[in-house]
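Notes to accompany the following structure.
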Amino acid sequence: MVRSMGLALLAHAFLLAALTLGVQWKRETLTVTAEAELWSAVPQQAAPRLIEPTPEPVKALTPPPPPQAQPKPTDADIALEREKLHQKKLQELEKQRSEQVKQKQLQDKRDQDKKAAEDKKKSEQEVKKLDAQRADNLKRIAGLAGAAGASTSTGTALRSSGPSAGYGGRVSARIKPNIVFTDDIVGNPIAEVEVRAAANGTIVSRKLTRSSGVKSWDEAVLKAIDKTDKLPPDSDGQVPGALIIFFKPKD
């Protein structure tokens, strides 16, 4: 048993020595030597350092003031409020009444304008009617006095002052044989001549009022009138005192 105890102690001593060596080997410092070169193709600046914002101090919340008790309205306050409401209603009623009066005035004015327009129209119609009656009376009086106009004539004179429809043809037939014109012209220009004659038809003057644009034709017309010397009487036996005659070389 002593020998067993000795062997056990020896084994433990050997194991303790082995553990001691193992721990010492782990504690040895390893020195590693290395070199590194840092470079950059383009110079760059470093970003600014992040600075944490300083938190604002928290303000203490002030509790709201307690609600004040409303004073109880007195009888005087109630009466004053009632008076205000009454005055407000009176103002509204007065405004409505004023608006109604204004609308009535506008309607009355429109009615008056409409009546005035109707009266004016009626008056104009009466004036036209009276004028028509007056014209009828004048026509009837002229007919009774021996007027020579047609039944459809609207004039009031006893005789018409203008020539009859066929008088121009008789005048042209009297003057054209005296026209001497042999020139060749383009177109058919018109020469306008004013002729004045005495009561017996004798031509007292002639005037070219519009040229035909061909001087030789204008002169031939004036010479023909001078040769004519006298105009024929109209269908009523009268010769117009003045008339406008048109002359065309190819008519």
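Since every read-out is calculated from the coordinates, none of them should be taken as a lab result. The structure presented is a predicted model; accordingly, all values stated were derived computationally and were not measured. Backbone-built Cβ (ideal geometry, glycine too); neighbour counts: all protein chains shown.
The distance between label points at Gln96 and Leu19 comes to 11.4 nm (points 7 Å beyond Cα on the Cα→Cβ vector). Simple point charges give the picture: +1 on the Cβ of Lys and Arg, -1 on the Cβ of Asp and Glu, and for segment 167-247 a dipole about the Cα centre of about 140 debye. The tail of the calculated P(r) for segment 203-251 beyond 15 Å holds 51 percent of all Cα-Cα pairs.
Excluding Ile78 itself, what net charge comes from residues whose Cβ is under 14 Å from its Cβ, given Lys and Arg +1 and Asp and Glu -1? Let's see the in-between values first.
Working: positive: Lys72, Arg82, Lys84; negative: Asp75, Asp77, Glu81, Glu83.
That works out to -1.
So, counting K/R as plus one and D/E as minus one, what does the shell of residues with Cβ under 13 Å around Lys121 add up to? Around Lys121, the charge tally is +1. Straight-line reach only, C-alpha to C-alpha below 29 angstrom: list the lysines that Lys89 could link to, leaving out same-chain residues fewer than 8 apart. Lys89 reaches Lys72, Lys102, Lys104.
Could you give log10 I(q)/I(0) at q = 0.13, 0.24, 0.27 Å⁻¹ for segment 167-247, computed by the Debye formula over C-alpha point scatterers of equal weight, without solvent? Ignoring solvent entirely, the Cα scatterers give -0.38, -1.17, -1.42.
If you put +1 on each Lys and Arg Cβ and -1 on each Asp and Glu Cβ, how big is the dipole of segment 79-147 around its Cα centre, in Debye rounded to 20?
For this selection, approximately 80 debye.
Cross-link partners for Lys215 among the lysines, with Cα-Cα distance under 28 Å and sequence neighbours closer than 8 places in the same chain left out: Lys176, Lys207, Lys223, Lys227, Lys230, Lys248, Lys250. With the simple model of a label 7 Å out from the Cα in the direction of the Cβ, Arg134 to Arg210 spans 3.6 nm. Counting Cα-Cα pairs of segment 79-147 in 5 Å increments starting at 0 gives whole-percent bin shares of 3, 14, 8, 9, 8, 7, 8, 6, 6, 5, 5, 5, 4, 4, 3, 2, 2, 2, 1, 1. Within a straight-line Cα-Cα reach of under 26 Å, Lys129 can be paired with the following lysines, leaving aside sequence neighbours fewer than 8 residues apart in one chain: Lys114, Lys115, Lys120, Lys121, Lys139.
Full extension of the chain segment joining Thr74 with Phe181 gains 26.0 nm, where the gain is 0.36 nm per residue of separation less the Cα-Cα distance. The distance between label points at Glu124 and Met5 comes to 16.0 nm (points 7 Å beyond Cα on the Cα→Cβ vector).
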